1. Might you check whether a residue that is surrounded by fewer than 19 Cβ atoms within 10 Å (Cβ to Cβ) and of a type in the set (S, T, N, Q) occurs anywhere in region 163-174?
2. Scan region 385-430 for residues that are surrounded by 24 or more Cβ atoms within 10 Å (Cβ to Cβ) and of a type in the set (Lys, Arg) and report the count.
3. What helices (runs of 4 or more DSSP H) completely inside region 1-89 contain at least 1 residues that are modelled with pLDDT of 95 or more and within 27 Å of the chain's Cα centre (by Cα)?
4. Might you check whether a residue that is closer than 26 Å to Ala284 by Cα, assigned to a helix (DSSP H, G or I) and at pLDDT 95 or above occurs anywhere in region 454-464?
5. For Asp94, are the conditions met, namely being under 15 Å from Gly226 (Cβ atoms) and either touching a residue at least 60 places away in the same chain (Cβ under 8 Å) or not in a strand (DSSP E or B) (or both)?
6. Any residue that is under 25 Å from Tyr451 (Cα atoms) and more than 21 Å from the chain's Cα centre (by Cα) - is there at least one of those in region 293-301?
7. How many residues does region 231-250 hold that are without any contact (Cβ under 8 Å) to a residue 24 or more places away in the chain and either within 28 Å of the chain's Cα centre (by Cα) or surrounded by 21 or more Cβ atoms within 10 Å (Cβ to Cβ) (or both)?
8. Select from region 251-298 the residues that are out of contact with any Pro (no Cβ under 9 Å at 6 or more places or on another chain) and among the charged types (D, E, K, R) and write down the one among them that is most open to solvent (accessible area, probe 1.4 Å).
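The values are calculated or read from the model by the stated rules, or taken from the named source; none is laboratory data. All values reported here derive from a predicted model rather than from experimental measurement. As a convention, Cβ positions derive from the backbone with ideal geometry for all residues, glycine included, and neighbour counts pool all protein chains shown. When the accessible area is computed, the model is the full protein with side chains, heavy atoms only, and any ligands, DNA or RNA have been set aside. Shrake-Rupley method; radii C 1.70, N 1.55, O 1.52, S 1.80 Å.
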Amino acid sequence: MHRSTLVAASTVAAIALLGGTTAQAVPGFNADSSALRAAITDQNIRAHMVQLDRLARIWGGTRVDATRGYDASVNYVRTQLRRAGYTVRLQPFDFYYFEENADPILQRTAPTSHDYSFVDDYYTMTYSGAADVTGSLVAVNNLVLPPGPEPSTSSAGCAAGDFVPAGANPAIALIQRGTCDFVVKAANAQAAGYDGVLIFNEGQPGRTDTFGGTLGGPGIDIPVVGTSFAVGNELAGLLKTGPVTLRLAVDATTTPSHSTNVLADTPGRGDRIIVVGAHLDSVAEGPGINDNGSGTAGILEIAIQMAKLGIEPRNRVRFAFWGAEEFGLFGSQYYVDTLTDQQYFNTWANLNFDMIASPNFARFVYDGDGSEFGLVGPPGSDIIEAIFEEYFGRNDLANEPTAFDGRSDYFAFINVGIPSGGLFTGAEEIKSAEQVDLYGGTAGVAFDPCYHQACDDIRNNNRRVLGQMTDAAANTVFKLAQSSAEFPSAQIASRASGQAAARMDRRGSRLVR
């Protein structure tokens, strides 16, 4: 799901110093959210997470989509919303379910033998083909070694001409990440007669680790894995001295499947709908209680307390619990794709809460105005960012921006010009010493050490930051819901053209390029 980018320490420190004397209210968005925030208790949020953890344990340790664990999660959320007085709509959709039946294998058999480590050295690409191949390794043209100064300087594998025809004997293509989607590289390799593909990370800072990628759906019949830069660079070096032989085995199946989004609306103007979303599914490896039981629990409790307080907002709030996010944002994408023209223009904003209780947390706010990362959200996203920042500043809570990088369910909304924003507390990336100065915690350790693992259970969260982030979420939901202000008129032009705010490299937890 997420990847944050650390801004310069001086900038982060400046952001962190925002306090009650410097925080400025956002004009037109000044409704008092204190009653709603007071009604939302840490105990109630925690109770939802406990129930999601229990359901995962009952159904095999996971709430991954297309399993009974996910179906039970849908039923839990639906029941809670109905008890609060909501009319709940289930929105079914189809997607492809990818499942690995065994750990993949990557071995070097010549010139010397070496077993590479699954997870540490390589991951299976989602929707990889299945086969057990032993063959000669062949490097494609246009590898950039050493790597260039900027990401995506390598176009290796993006053109059919990058591949020497594989010939009659089994062959495995060595390709560098960069420029085009992974599925393009894999399809070109398959068309050139290769029997397997290794795509290694590009090598610049932030592009060295082993990475999880997606091929977007079925269609590639050969095994495809992503590796770290170190593995790819090593293999490319060995090829300069002589032949290299690898064994690559993937045992996986891709099958048509079904999922469900859960939707519930408050009263309010139907021509100004704020979609407040969190994905409900986990990965197959674990129960997903931080990712994303935390976001689910947070917005579920906001919905429940709005109903209990009898809040009838000026603008309609639609609480959305998305399915199949971990397979590639399928639920939220389906929702946006099936909006009528009128429903599309009635969608005023999207808020996204995906991981808001990371144990070794930071407080990240999506960079709607693009001031830190240049990935500008649709007009109005800057206002959403400012509302979050004003709340944190007023409460003397350090925070910093994170890029709209396409790894969560705001992706579909941003790509059609709908103003978006949200919060995040960090995933697999490493916490810096500067961030420890701001938030506490441990430097050199991931924000969530259990990200996409079996240990992402009810013990894997920070209760203090969960309460803080849920309060910040409730404040922004309430201010948007009660506002009579308008986002900039440029929003209409952006949405009418369907122009994306920025090129997105990710869809869900898996990279697409």
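1. Looking through region 163-174, at least one residue is surrounded by fewer than 19 Cβ atoms within 10 Å (Cβ to Cβ) and of a type in the set (S, T, N, Q).
2. The total comes to 1.
3. On the way: elements: 9-16, 34-39, 42-58, 68-83.
Helices (runs of 4 or more DSSP H) meeting the threshold: 34-39, 42-58, 68-83.
4. Quick first cut of region 454-464, residues closer than 26 Å to Ala284 by Cα only: 454-463.
Going one step further and asking which of them are assigned to a helix (DSSP H, G or I), we end up with 463.
This time we only want the ones that are at pLDDT 95 or above, so: 463.
For region 454-464, residues closer than 26 Å to Ala284 by Cα, assigned to a helix (DSSP H, G or I) and at pLDDT 95 or above: present.
5. Details: under 15 Å from Gly226 (Cβ atoms): no; either touching a residue at least 60 places away in the same chain (Cβ under 8 Å) or not in a strand (DSSP E or B) (or both): yes.
No.
6. Kept after step one, since they are under 25 Å from Tyr451 (Cα atoms), are these residues of region 293-301: 293-301.
This time we only want the ones that are more than 21 Å from the chain's Cα centre (by Cα), so: 301.
Yes, because at least one residue in region 293-301 is under 25 Å from Tyr451 (Cα atoms) and more than 21 Å from the chain's Cα centre (by Cα).
7. 0
8. Glu285
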